[in-house]
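For reference, the structure discussed in these notes is given below.
The values are calculated or read from the model by the stated rules, or taken from the named source; none is laboratory data. Since the structure is predicted, the reported quantities are computational estimates derived from the model, not experimental observations. Every residue, glycine as well, gets a Cβ built from its backbone with ideal geometry; the counts of neighbours run over all protein chains shown. With ligands, DNA and RNA removed, areas are computed over all heavy atoms of the protein, side chains included. Shrake-Rupley method; radii C 1.70, N 1.55, O 1.52, S 1.80 Å.
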Amino acid sequence: MSDFRELLDSHNITRRSFLKYCSSLGALLAVPAAMTPKIAAAIENDNRPPVIWMEFQSCTGDTESLLRANRPSVGELILDHISLDYHETVMAAAGEQAEASKHATMEKYKGQYICIVEGSIPAGADGVYCTIAGQTAVDILRKVGGNAGVIIAVGSCSSYGGLPAAYPNPTGAVGVSDLLPNKTVINLPGCPMNVDNLTGTIVHYLTFGTPPAMDRFGRPKFAYGKRIHDNCERRGHFDAGQYVENWGDYGHRQGWCLYKMGCKGPESFHNCPTLRWNEGLSWPVMAGHGCVGCSEPGFFDTMMPMYQRLPNVPGFGVEASALKIGAAIVGTSAAIFGAHGAVTLARNWKQVREAKEETREEIQQTIDADSDADK
Amino acid sequence: MAESTNATLTTPEQPAECAARRFLYIWEGPVRIIHWVNFFCIIVLSVTGYFIHDPFMSAAQHPYIMGHMRHIHYVAGVLFAVSILARLYWFLGGSYYASWRAIPNPFNRKDRETFWAYFRFYIFLGQKTPHLLGHNPVAFCAYTLLFLLFFLQILTGFALWAQADPGSTLYAVTGWVFGLVSNQWVRWFHFMVMFLVAGFVINHLYSVVLFDFKTKSGEISSIFSGWKPDHRD
Ligand code: HEM
Ligand code: SF4
């Protein structure tokens, strides 16, 4: 019997519910139902490649997401089973012992192990903002990531720099793919990432030996292939024209659309509305707050202000909203051409007066000439 | 000179002449139709676009209002794109005054002088402007910038639309935009271009009235009828 079966048995989880979980995982990954046995076999395989989880400049939110269990489900047991060869935050070993186990894994499974990275990597000042065991995060990532079979960047920080990379980015924080441009990096952005997507990604890799299909930002399409806005349960209110105008107003209590409160759902790709959080209980928009676009490249800066639809432009003394700049453009145009028109009118006035004068003189001359002729 | 009312034979030397003497056929049907389709589309796109930015009416006024506004915006957007493409076609293969052949040549002394004459006129430093049948060269520069904005607006518009289905062909064609700037800034840009176009419209209306009056060149009536008075002596 495999180690994993024993683990399931020790938690009184039947094979039936394990297979049920595998088929729902298959649904998440959008693979045919016939793949379920293959998925189960891949998870049960004792020769699976190990996982090294590294944490750099982060809030540990992704580890929290990983550990959020309040009752062990099959999914968590899978992660327990496959992920924890080296995880700085949760492993029991410490110091030299921990380093030694990491190196042993790296040696033995060179080019095969799965490297998971949490947190951004501070590349500024030669990387001194984050060092572990005397080595900078940049060097550790190059070594551990460089020798991995595949790298999974969990959370927005390790994917794209995230919060630490927000303006003015004092530590020069960057994402994993910025430092390892030639490695396959699967980005699972989100603040934090949703652990079910991590399970799905790992299982996909174990089952097929390849990363899942990814979009242009290196995100698996099964999890980031649809816009929040297009799967949101408030979408009907959006198209109907029913919007929350103030926190706690009638519309807010009715669960209307949060577009006017700065919801970034129309610009964010993630499966939050369908997968949800905390065992599928809820997700931010369901709870009554707009999406903040945490899983998009460029988050934090491009998604702010949080309660405004479009970004402000810095550098005009105070930050200027898009509408103010637009009004200034139209106003400037009106002022320029209004002034031009006023000058033109004034000049015409002079010309018209002169022309009138000339005409009057001409008429006078004609009259004079006529009366001369009459004489 | 051959007397001809056949529009397609129009060349700078031999524009078709009108029954009313000394009028020349300058803007062919397609140019005028495209102009007014653009006029109509820009108004509709700006009104519906502004509504999308800030839905100032709610379901209380009209059920499904945002859905309809967006629908109208997309239909007008497609029409606008077709119209701009048609103009591009006419620019490549159309009649003399509407095509690339009438682009002022910066290496030609006469063209340069014409440009500066008009430029001086705009900034009140000159009174005399040579009579022209097509665009004046300063206006031509403005139209070039304007059409650049149109292209960018159409590109960003379709890219925003494509976000509803990143697996679509439309996204494959336009999605590269989001690799250059994040989608929030694409939206910001799409919003800002509306104001740039509005600023242009103010300029455009003012300038055509100014030149219609100053140079008696039939600027305004020509975009309805196609005919301009011939002042060449
Ligand atoms: C003169 C041309 C146009 C103007 C003035 C215009 C204006 C606008 C404005 C002001 C917005 C709202 C931006 C915001 O605050 O988020 C918008 C959104 C949009 N426009 Fe345009 N637009 C134009 C052309 C087009 C074209 C050609 C298309 C392509 C079909 C298009 C597609 C869209 C889409 C898809 C949105 C986002 C709507 C949504 O999120 O539901 N636009 N437009
Ligand atoms: S709440 Fe946000 S994501 Fe949901 S429909 Fe409204 S704008 Fe879209």
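Structure notes:
- Candidates B:Phe178, B:Phe140, filtered to the one that is assigned to a helix (DSSP H, G or I), without any contact (Cβ under 8 Å) to a residue 60 or more places away in the chain and within 10 Å of another protein chain (Cβ to nearest Cβ): B:Phe178
- Scope region A:202-233; condition more than 14 Å from every other protein chain (Cβ to nearest Cβ) and within 16 Å of ligand 1 (Cβ to nearest atom); matching residues: none
- If you go through region B:36-67 and keep only what is of a type outside the set (A, V, I, L, M, F, W, C) and more than 16 Å from ligand 2 (Cβ to nearest atom), you end up with B:Asn38, B:Ser46, B:Thr48, B:Gly49, B:Tyr50, B:Gln61, B:His62, B:Pro63.
- Whenever a residue of region B:36-58 is closer than 28 Å to B:Ser225 by Cα, its partners that are of a type in the set (Ser, Thr, Tyr), lying with C-beta atoms within less than 6 angstrom and at least six residues away or across chains, give the pairs B:Val37/B:Ser83; B:Asn38/B:Ser83.
- Of everything in region B:206-222 that is surrounded by 17 or more Cβ atoms within 10 Å (Cβ to Cβ) and among the hydrophobic types (A, V, I, L, M, F, W, C), the residue that is nearest to the other protein chains (Cβ to nearest Cβ) is B:Leu210.
- B:Ala172 being among the aliphatic types (A, V, I, L, M), surrounded by 15 or more Cβ atoms within 10 Å (Cβ to Cβ) and within 14 Å of chain A (Cβ to nearest Cβ): no
- Yes/no for A:Gly315 being at pLDDT 85 or above and more than 16 Å from ligand 1 (Cβ to nearest atom): no
- Residue in region A:289-307 that is more than 9 Å from every other protein chain (Cβ to nearest Cβ) and at positive phi present: no
- Meets criteria (within 8 Å of chain A (Cβ to nearest Cβ) and open to solvent by 30 Å² or more (accessible area, probe 1.4 Å)) for B:Asn203: yes
- Region A:248-275, residues that are away from ligand 1 (no atom under 16 Å from the Cβ), touching a helix residue (DSSP H, G or I) at 6+ places or on another chain (Cβ under 9 Å) and not aliphatic (A, V, I, L, M): A:Gly251, A:His252, A:Gln254, A:Gly255, A:Trp256, A:His270, A:Asn271, A:Cys272, A:Pro273, A:Thr274
Here is a yes/no grid of residues against (1) more than 13 Å from chain A (Cβ to nearest Cβ); (2) under 23 Å from the mean Cα position of the chain (by Cα); (3) part of a helix (DSSP H, G or I):
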{"site": "B:Tyr89", "(1), (2), (3)": "yes, yes, yes"}
{"site": "B:Asn105", "(1), (2), (3)": "yes, yes, no"}
{"site": "B:Asp111", "(1), (2), (3)": "yes, yes, yes"}
{"site": "B:Leu125", "(1), (2), (3)": "no, no, no"}
{"site": "B:Leu152", "(1), (2), (3)": "yes, yes, yes"}
{"site": "B:Leu155", "(1), (2), (3)": "yes, yes, yes"}
{"site": "B:Gly167", "(1), (2), (3)": "no, no, no"}
